[in-house]
Amino acid sequence: MMRQGRPTAPGKAGDETLTTFSGHRGLDHEEPLLFERGAEGRCGVDLPAPAKMANRLGDLARPSTIGLPGLSEPQVVRHFVRLSRKNYAIDSGLYPLGSCTMKHNPRLNEKLARLPGFADLHPLQPISTVQGALELINTLAHWLRVLTGMPAVAMSPKAGAHGELCGLMAIRAALDARGEKRNRVLAPESAHGTNPATAAMCGFSVDPIPADARGRVDLAALKAKLGPDVAAIMVTNPNTCGLFENDIIEMAKAVHDAGGYFYCDGANFNALVGRVRPGDLGIDAMHINLHKTFSTPHGGGGPGAGPVVFSQALAPFAPLPFVVDRGAGFDLVEFDTDAGDATPFGRMTAFHGQMGMFVRALSYMLSHGADGLRQVAEDAVLNANYVLASLSQDMSAPFPGPCMHECLFDDAFLKGTGVTTLDFAKAMIDEGYHPMTIYFPLVVHGAMLIEPTETESKESLDQLISVLRSLAQAAKAGDVTRFTQAPHYAPRNRLDETRAARTPVLRWRPAKEE
Amino acid sequence: MTKIFYTQDHEWIRLEGDVGTVGISNYAQEQLGDIVFVELPQPGTKTGRGDEIAVVESVKAASEIYAPVSGEVIEANSTLEGAPVTVNEAAESDGWFFKIRISDQAELAGLMDAAAYQAFVEGLA
Amino acid sequence: MRYLPLTQSDRTDMLRTIGAASIDDLFADVPLAARRSEPLDLPPHQGEIEVERMLRTMAAKNLAACDAPFFCGAGAYRHHIPASVDHLIQRSEFLTSYTPYQPEISQGTLQYLFEFQTQVAMLSGMDIANASMYDGATACAEAVLMANRATKRRTAILSGGLHPQYRAVTETTSHFAGGIVRAMAVAPDGVEDIINAIDDDTACIVVQTPDFFGHLRDLRPLAEAAHARGALLVAVTTEPLALGAILSPGEMGADIFVGEGQSLGVGLNFGGPYLGLFAARSALQRQMPGRLCGETVDAQGRRGYVLTLSAREQHIRREKATSNICTNSGLCCLAFTIHVALLGEAGFTQLALLNHQSAIVLAQALTGIPGVTCLNEYFFNEFTLRLPKPSAPVVDALAAKGILGGVPVSRLIPGDPNLENLLLVAANETNTDADRAAFVAALREVLA
């Protein structure tokens, strides 16, 4: 009689404090560094044997070893699959990071970006062999111009902050062309850190504009700061509190009357796409984060893409290169001498920009169309307002709604509980969520900025709302260790950032041989 | 008797003759949290009152340190390079930043004494 | 719309919860003049079939490198990328995660960034590397700004062998940041006197090796001369595979190394996204731009990784930050790291050697054509030919024959009669005997 196979039964609950021999915990594997796994004589690729011939390296041939570990393909694959399992991702859960627009990344975009006709093109191939690539850039540029109502777009900036730099360089070039030395840039206190950093990289000093009680730019204070030395205002709209700057047309008029330009940080364009055109607001330059509004994947921190749209006033100064449609075919203008009447301020990057991101963004735009993109903005705004309205009793919002695509809470509801914004965020990890953006914007105490995006269902939002409500109630009820020791259920508990910064260890080194 | 003065930016300066020893106040180190790095001026650096002269970094913040008086830096506290934690442990003694030869004693008149600074800090809460 | 989960009845319910009569109420802050009631003048939404058809049509108008004998370089290099690289970078947990600001649930990204930093430091022979920049050219521009900060000087001297677009990006960036850039004359033969250009306001000299024309530069005397005047040496490499064959910049005395990492794992992508490499000596670590990942421990003492030295960065330091950079090239770092991991020591050096040999064989064959000479005595996988006629129309004629036969120097430096006949040719491990034979025969025909 076969007695080998037995059904498993649930039995008693396991002991959570069990220490395993391996250090692994079920599906959660500890994984050493690549460098701790290598062995000489192992390799993850098979290459033909080199020929016997003299080299042409002169006396610069490498005499030493590099120190790279030798690993086979299965080891490398397992290593990175195990690492991947230690990451939170949009594909695995809601990712409500305010100001980051963590929306679904369609896989069609990935598939199309990998077509050899786009992915396997050299940037300096003859123009006749890349007509389809230039057509794609030109088509995407057209969509961006129509969606923003702006007459020109620079495609080459590689990320949002790079786009900001592009915009401010164009402003500086325009001022130079007018023979004016204007050195002050006004930016709200709530601005992204990139705004002042970018202005400084262009030699501008940054003068903060205070906010009013409604969380918007204080128009009177702005007007009081304008003067003949003001080059530009840099304003995010919707702003970093998730609010539309309702005086924006007035602000534009005021800065233009004072001889300055209006740079808009377009990080939050997802709230407006298809419904509001920045060109109708009096903006002179705005970057568009293709990795936010147009769903190119964030990839753990990049690569991004940050095309910049320009008004008529700044368009002539847009950087090289750019694509032109000559009727008989597309061409790439790479030098001042070919730029006609335009006077480009220079070049921001080698080659022509983030082509791989352009393919993905255009695929996204074509999929949504004019109607779908408008729906994107509406659903993004609706979802954020739904979260705001549903939690207004349990958490504390510094500004009343409606908000735009993200909603802001502060830590007033945690006052006296012993739980901080950081603790609250870490407790969300235990509940299976990536935390919202915390401590930004700086103008709100203990800020918590939630951007659900349009790709979350109502059921998903309802679950988030009920979890946040429960956490708020637990904090108020004095269940403090739930928060201060969180996260309990993550691959790592809280990490010692002080130690990392005091004695930086920025690379692996082999153990010293005795 | 040594005299100690404070600035509104939370630096302190202790006088010995025409030399002042400068650091950040205990209140300031508490506000900054765990200090991870201090960038100190080179001896010989000449500074005006209120100029940026050093930088102190915690994990999530960085603050400029302004010279409380004009003068020439004559010594920097090199122990802070290897042990920035000293600022947290002893902000107003071993955690000093640099010594400065004061060029104009009259500038000291604009600073607060310990009691005035204490009142100033209490007013910030 | 397949990407939007809300149903019409969801929307109605949610508006009721909010207390709004319609979606328009939520846009009440938008000035009336800027509210658009009709859709924009763009086509309506489409299904996967239609979108794929449109983009495939565009892609089909291009001549892909895989469909032609391919010999282009000049700052972007083609190599075989192992299949597992692209598979792994498409893992949802890598592809669809954000910057690792919550380290407890981002150890995957953080650990590979730590591994990436280590690989870059090893390859370049430098102490430390950051978690990447946008591309090689922007990394070069940032290195110059960093050298200005570190030395408190203002002038950068750029070698005449620096990639012309790196030079242009560095000039643009420095111009607006208030720095001074002095570029040496273009040096197609790889010879120039940088040392005599160094003076007491020189923050750095910027020298590429292999240089734009493929010459291998000995950085040792340059490092010595720069250091003697208190200046830094910034070494640039656009083809990091070369580091498997030649002395590393660190071994030659470089203070900062920048490069383009695209040739390992990333692919051509018509110029982007690419991967800026940035490494330096430890003493300069607090002047570095960009993200740095560091090792630490968690509350239980377990090893883990975090972003560190953040007080340099824009989100804390704002206008006093070392750079405005916020994004890195995360997924491209991952591709690089996986490719280099698969190669390992043996594979990396062997691949480098195969590329070198492929170039030697190609150079020999091409210089057998009457009137064609090679400017390089020493090179890695790319060299410069002087043709008997202007190279741009020659390359167009080769393209008409289905061959991507290098990059004319005039494509990057137009209008110089001395450079008009020069052609940059790069070889790689995927070139076959048949590819080379086709190239040689076609060039012979075009030049005849």
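Some observations on this one:
- Relative contact order for chain C, counting Cα pairs under 8 Å that sit 6 or more residues apart, in percent: 19 percent
- The protein assembly as shown: antiparallel DSSP beta bridges as a percent of all, rounded to 5: 70 percent
- Calculated Rg and Dmax of chain A using C-alpha coordinates, Å: 26.7, 99
- From phi via Karplus (6.51, -1.76, 1.60), per-residue ³J(HN,Hα) for the stretch B:56-69 in Hz, x at Gly/Pro: 10, 10, 10, 4, 10, 8, 9, 10, 7, 10, 9, 5, x, 9
- Under Karplus coefficients 6.51, -1.76 and 1.60, residue-wise ³J(HN,Hα) of the stretch A:51-65 in Hz, glycine/proline x: 6, 8, 7, 5, 7, 10, 9, x, 8, 9, 4, 5, x, 10, 7
- Counting lysine pairs in chain C whose alpha carbons fall under 30 angstrom apart, excluding pairs fewer than 8 residues apart on the same chain, gives 4.
- Average accessible area per residue (Å²) across chain A - probe 1.4 Å, nucleic acids and ligands excluded: 36 Å²
- Close amide H contacts of C:ILE246 (hydrogens built in the peptide plane, cut-off under 5 Å, sequence separation of 5 or more or a different chain): A:ARG62.
- Under-5 Å amide H pairs with B:GLY50, H placed in peptide plane, nonlocal only: B:ALA67, B:VAL69
- Between the stretch C:143-202 and the stretch C:229-282, the C-alpha centres lie 16 angstrom from each other.
- For the stretch C:83-338, the Cβ-based charge dipole about the Cα centre amounts to some 760 debye (Lys, Arg positive; Asp, Glu negative; other atoms uncharged).
- Label-to-label distance for C:GLU251 and C:ALA83 is 3.6 nm, based on points extended 7 Å past Cα in the beta-carbon direction.
- Share of carbon and sulfur in the accessible area of the stretch C:83-338 stands at 49%, probe radius 1.4 Å.
- Using the 1.4 Å probe convention, the accessible area of the stretch C:385-448 works out to 38 Å² per residue with neighbouring protein chains retained.
- Remark on B:VAL59: its backbone amide H falls under 5 Å from those of B:ASP34, B:VAL36, a criterion applied only to residues 5 or more positions apart or on other chains, H modelled at 1.01 Å from N.
- Cα centroid separation, the stretch C:375-434 to the stretch A:353-375: 36 Å.
- Excluding same-chain neighbours fewer than eight residues apart, the lysines reachable from A:LYS476 by a Cα-Cα span under 19 Å are A:LYS415, A:LYS426.
- The accessible-area loss of the stretch A:427-441 on complex formation, taken against its chain alone with a 1.4 Å probe, reaches 50 Å² or more at no residue.
- Listed residue (A:LEU281, C:LEU366, B:ILE24) projecting farthest to the positive dipole end of the protein assembly as shown, Cβ model: C:LEU366
- Solvent-accessible area per residue in chain B equals 48 Å², computed with a 1.4 angstrom probe and all protein chains kept.
- Most fluctuating residue given options C:THR384, C:THR202, C:THR367, as computed from a GNM of chain C linking Cα atoms under 10 Å: C:THR367
- Of the complete DSSP H runs in chain C, those spanning 20 angstrom or more by Cα along the long axis with a mean Kyte-Doolittle score not below -0.5 are C:107-124, C:136-151, C:330-366, C:433-447.
- List of the stretch A:285-323 residues, accessible area with partners at least 40 Å² below that of the chain alone (1.4 Å probe): A:GLY299, A:GLY300, A:GLY301, A:PRO303
- For the stretch A:108-363, the number of Lys pairs separated by eight or more positions or lying on different chains, with C-alpha atoms closer than 20 Å, is 6.
- With q set to 0.07, 0.08, 0.14 Å⁻¹, the log10 of I(q)/I(0) for chain C, from the Debye formula over equal scatterers at the Cα positions, is -0.43, -0.55, -1.29.
- Alpha-carbon centroids, the stretch B:27-63 and the stretch A:228-265: separation in whole Å: 34 Å
- Scalar couplings 3J(HN,Hα) for the stretch A:344-360, obtained by applying the Karplus form with A = 6.51, B = -1.76, C = 1.60 to θ = phi - 60°, are x, 7, x, 10, 9, 7, 5, 6, 10, x, 8, 3, x, 6, 4, 4, 5 Hz; x denotes Gly and Pro.
- Simple rule: put +1 on each Lys or Arg Cβ and -1 on each Asp or Glu Cβ in the protein assembly as shown, find the dipole, and look at A:MET150, C:SER124, B:VAL85; the Cα lying farthest toward the positive end is C:SER124.
- Summed buried accessible surface, chains A and C, 1.4 Å probe, nearest 100 Å²: 17200 Å²
- Eligible lysines near B:LYS3 by straight Cα distance, threshold 29 Å, same-chain separation 8 or greater: B:LYS46, B:LYS99
- Dipole of the protein assembly as shown computed with +1 at Lys/Arg Cβ and -1 at Asp/Glu Cβ about the Cα centre; of A:TYR261, A:GLY179, A:ASN105, farthest Cα towards the positive end is A:ASN105.
- Pairwise burial C:B, computed as accessible area of each alone minus the pair, summed, 1.4 Å, Å²: 700 Å²
- Contact order normalised by residue count of the stretch A:369-489, Cα under 8 Å, 6+ apart, percent: 31 percent
- Percent carbon-and-sulfur accessible area, the stretch A:206-277, ignoring ligands, DNA and RNA, probe 1.4 Å: 55 percent
The values are calculated or read from the model by the stated rules, or taken from the named source; none is laboratory data. This one's a predicted model, so the numbers in the text were calculated from it and none came from an experiment. Note that we place each Cβ from the backbone using ideal geometry, even for glycine, and neighbour counts take in every protein chain shown. With ligands, DNA and RNA removed, areas are computed over all heavy atoms of the protein, side chains included. Shrake-Rupley method; radii C 1.70, N 1.55, O 1.52, S 1.80 Å.
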